[in-house]
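The values are calculated or read from the model by the stated rules, or taken from the named source; none is laboratory data. Just so you know, these numbers come straight off a predicted model, no measurement behind them. Note that we place each Cβ from the backbone using ideal geometry, even for glycine, and neighbour counts take in every protein chain shown.
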Amino acid sequence: MKKIDVHAHYGVWTSPIPSANPVDRLLRLCEREQIEYMVCSSALALLYDMQAGNAEMAEAFQPHEQLLGYVYVNANFLDESVAEMEAYLPLDDFVGIKIHPRLSGVACDDPRMADLFAEVAARSSLLLMHTVDRYAAHQMAEFSRQYPGLNIILGHSGHTDANEAARLAAETPNIYLDFCCEWPGSGKVERALQICGAEKIVFGSDADLLEPAFTRGMFEGADLTPQQAQLIYRDNAAGLLGIPTDTANSPQPQGTQQG
Amino acid sequence: MVRSIAQLPETTQDVDWSLENLLRIMDKYGVDRACTYSLRGKLYEFISGNDETWAAAEEHPRLVPVATIDPQRHFGCLEEAERCADRGFRIFRFFPDEQAWDIGCLPFLRLCEVLAGWPVAVMLPAGPWGQQTRIGELLCSFGFPVVAMDATFTTVAESIAVAARYDNFFCETSMIHTVETVEGFVTEAGPDSLIFGSNSPESYFPSASGLVNVARVTEAARSRIMGGNAADYLLGGASP
């Protein structure tokens, strides 16, 4: 099944991954996993240098329509972050914003984060937010109510607080969940399906820090219906990115298939 | 492999830890044998937990019984090691991280001295950076196979180095996270160094199996990882 991966990275990591061109690695994963579009943030920007990382990724992705970018912004550097958004969001292959509270050292409830959100919401309709606990998830829900035009993907779905993240997604129209996580705890996808429905879940892999097949395994273990799989793997993200729904491959709702 | 975590967050409280669910998972994903220990043994009291494990394995021979002992209890630990080994347990699982003790402590090393007299294997967490090196230095000289569990992308580099140095050091695969690392592991330390684990029922089985299934290794190497190594070194008594 075709997929859109809303949570990936461009760059290198400290983990033992044999050296190869990062673009080549991502394209190989896309081919193997049938990933039609992969939306990435820069590892260099996340870990060391925001401006250099965004610039490096923009240049590397320019020849590859399949690879899309998030502009990484950092609440420590509001003016510089605004400049980064102004520089890259007009480009066709930059589709949203990425924020990582832990790596930037600015908590979600820090006033600087509120200032950054105001600037983000003024410029973008999509944010991928690293969200690994219920407190961050609740803060995101508050921001999402404040900025209804900003769709917020809770990256990692609150980690072990995934049930709470799902409850917030259920009650907040512009909150979405992505389940990539180093801990593939069984049952969390099924519970989210019950709490917020497949319409609020998107596929994110955390590639190539994590293996897309590892994340895909969570959904395979959850025994998705074809309709749920189509929404999660592709169509929900397509809606967020403004990509046409893959109607040719969309399964018919159960009950109409046997007509 | 089957395990749980001691500090159960909300989502793991929702896990179906029943024996029936474990057997269902094995059926669903075609698992022939599963190394299995008792949650009661880890979280509460290991003697009755080991008895529970043994009873389950007797009833369901597909389950490979794994004993667990907490050296913090001191009294009766060595006797329990002897009792379990004599009974037929061939794998002992330890939890220094979740039970808060150190692998260099004398009570644990005395347990290892006892276990070294039996044809058994020892499993314990890869732990934080540095712990696997200590596992190699402290435990591999006992001669029994040692399996480091739950090495993640932050610690698996150490797994590769320790496995390359010690023939009786193995790394369990469930949390390695990247296919390239599995491939590099096989290249650096050999296909006999990895042992498949799923962490069922706590984790989704296909996440762990998918990692090995898509790795660009030979089918012979994949077969070693997915069961051959466990069969030979953990269950069959083969010397690493």
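Structure summary
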read-out: Check on residue B:90, more than 20 Å from residue A:15 (Cα to Cα), within 17 Å of the chain's Cα centre (by Cα) and more than 14 Å from chain A (Cβ to nearest Cβ); value: yes
read-out: Residue check for residue B:55: among the aliphatic types (A, V, I, L, M), under 18 Å from residue B:18 (Cβ atoms) and in a helix (DSSP H, G or I); value: yes
read-out: Qualifying residue in the range A:17-32 (condition: crowded, with 19+ Cβ neighbours inside 10 Å, within 14 Å of chain B (Cβ to nearest Cβ) and polar (S, T, N, Q)); value: no
read-out: Odd one out for residue B:80 among (1) farther than 28 Å from residue B:226 by Cα; (2) modelled with pLDDT under 95; value: (2)
read-out: From the options B:187, B:154, B:181, residue that is within 14 Å of chain A (Cβ to nearest Cβ) and either closer than 29 Å to residue B:38 by Cβ or assigned to a loop (DSSP other than H, G, I, E, B) (or both); value: B:154
read-out: Yes/no for residue B:28 being in a helix (DSSP H, G or I) and in contact with an Asp or Glu (Cβ under 8 Å, 6 or more places away or on another chain); value: no
read-out: Unique match (being away from every other protein chain (no Cβ under 14 Å), farther than 18 Å from residue A:110 by Cα and of a type in the set (Gly, Ala, Ser)) among A:166, A:170; value: A:170
read-out: Condition check for residue B:176: touching a Leu at 6+ places or on another chain (Cβ under 9 Å) and part of a helix (DSSP H, G or I); value: no
read-out: Residue in the range A:180-187 that is among the aromatic types (Phe, Trp, Tyr), farther than 24 Å from residue A:234 by Cβ and under 18 Å from the mean Cα position of the chain (by Cα) present; value: yes
read-out: Criterion (farther than 27 Å from residue B:160 by Cα and modelled with pLDDT under 95) met by exactly one of A:1, A:50; value: A:1
read-out: Options A:137, A:83; residue that is of a type in the set (A, V, I, L, M, F, W, C), farther than 27 Å from residue B:198 by Cβ and within 14 Å of chain B (Cβ to nearest Cβ); value: A:137
read-out: Flag if residue B:207 is part of a helix (DSSP H, G or I), surrounded by fewer than 20 Cβ atoms within 10 Å (Cβ to Cβ) and among the hydroxyl-bearing types (Ser, Thr, Tyr); value: no
read-out: In the range B:210-225, residue nearest to the other protein chains (Cβ to nearest Cβ) [restricted to those that are surrounded by fewer than 23 Cβ atoms within 10 Å (Cβ to Cβ) and more than 21 Å from residue B:161 (Cα to Cα)]; value: B:214
read-out: Members of the range A:97-124 found to be out of contact with any strand residue (DSSP E or B) (no Cβ under 6 Å at 6 or more places or on another chain) and either charged (D, E, K, R) or touching a residue at least 40 places away in the same chain (Cβ under 8 Å) (or both), listed by number; value: A:102, A:103, A:109, A:110, A:112, A:115, A:116, A:119, A:123
read-out: Within the range A:33-65, tally of residues that are surrounded by fewer than 19 Cβ atoms within 10 Å (Cβ to Cβ) and within 18 Å of residue A:97 (Cβ to Cβ); value: 7
read-out: Helices (runs of 4 or more DSSP H) contained entirely in the range A:38-96, each with at least 1 residues that are under 15 Å from residue A:122 (Cα atoms) and without any contact (Cβ under 8 Å) to a residue 24 or more places away in the chain; value: A:78-88
read-out: Complete set of residues in the range A:153-163 that are within 13 Å of chain B (Cβ to nearest Cβ) and in contact with a His (Cβ under 9 Å, 6 or more places away or on another chain); value: A:156, A:162
read-out: Tabulated pairs, the range A:215-227, first more than 19 Å from residue B:30 (Cα to Cα), second modelled with pLDDT of 95 or more, C-beta under 7 angstrom, 6+ apart or interchain; value: A:215/A:179; A:215/A:180; A:215/A:205; A:215/A:206; A:224/A:232
read-out: Residue that is surrounded by the fewest Cβ atoms within 10 Å (Cβ to Cβ) [pool: residues in the range B:157-177 that are in contact with a Phe, Trp or Tyr (Cβ under 6 Å, 6 or more places away or on another chain) and within 9 Å of another protein chain (Cβ to nearest Cβ)]; value: B:160
read-out: Search result, residues across the range B:192-209 that are more than 14 Å from chain A (Cβ to nearest Cβ) and closer than 24 Å to residue A:207 by Cβ; value: none
